[in-house]
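Q: One structure, pasted below without further comment.
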Amino acid sequence: LLFRSPVTLEKTELSEYYLYGNDDMFFANNVSPRFFYHKDGYPYCRFSYKFDKDFDFYNRMCANTDDLIEKKFGKSLKMFFHHNINAFRKSDVKNCIEMFRKEINETIKSRFRRIDNVEQTIYLSYALAVKHGHYKGIFRLPIYTNKTYNFFAKLYKPDSLYINADDISQLTCSSNINKKIGLFCINDTECVSEESRLHIREMLNKTFPQKSTFEK
């Protein structure tokens with residue numbers, strides 16, 4: 001849905017307003033359309049913290065994307081988007097694909113991520129650059145369970161939570177997801193221990209005590 005040609009995208013039955021997420025992302029509480037879209041109809045573009053282009057190839061991909069936006073619009077965030085469900089407008093995605101056709105086509109051809117690819121942040125950054133989106137900062141750390149919030153937590157007021165599945169301290173701290181959190185993501189890797197997986201199961205059972213109608 002995010003990396004297609006403008007023509008193919010236009011022919012899909014995809015709504016003008018749509019959400020995109022992965023299978024490690026969850027709704028923590030009931031959310032309304034206003035959680036994803038401002039009253040003017042433009043999406044909230046959630047970003048977490050600054051990337052380091054020299055850290056690894058994924059950071060380099062984010063830098064590639066940021067460089068394209070900066071070169072075209074003279075604006076730069078140099079930040080990761082939050083790793084969770086994001087909101088888009090199909091017309092803006094289509095226009096972005098047309099503008100950066102060469103770079104996006106090269107990414108489409110890549111079976112696996114490459115250091116010269118672009119990242120889906122390009123659609124959020126494009127929306128902000130053309131004033132078709134609203135920036136929203138997300139503090140990418142576990143939820144605080146006490147009343148002693150630090151400066152950054154006060155500044156960003158997170159409504160989306162990212163959890164490393166191989167970090168037991170995050171899993172333990174995040175087991176009490178409060179009503180201010182609309183989304184959370186449990187980012188799994190091949191390094192996750194059996195102990196961490198047990199914490200994940202306990203956390204999910206506590207967060208979702210009733211099975212979905214889609215579950216067996």
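Q: Given points 7 Å out from each Cα along the Cα-Cβ axis, report the LYS102 to THR12 separation in nanometres with one decimal.
A: 2.6
Q: Another one. Given the pairs LYS71/LYS109; LYS39/LYS216; LYS39/LYS180; LYS72/LYS180; LYS78/LYS109, which span a C-alpha to C-alpha distance of over 28 angstrom in this model?
A: Beyond 28 Å: LYS39/LYS216; LYS72/LYS180.
Q: Something else: Not counting ligands, DNA or RNA, and with a 1.4 Å probe, what is HIS38's accessible surface area in Å² rounded to the nearest 10?
A: Accessible surface of HIS38 is approximately 50 Å².
The values are calculated or read from the model by the stated rules, or taken from the named source; none is laboratory data. Bear in mind the structure is a predicted one, so any value in this text is a computation, not a measurement. Every residue, glycine as well, gets a Cβ built from its backbone with ideal geometry; the counts of neighbours run over all protein chains shown. Surface areas here come from the heavy atoms of the whole protein model, side chains and all, with no ligands, DNA or RNA. Shrake-Rupley method; radii C 1.70, N 1.55, O 1.52, S 1.80 Å.
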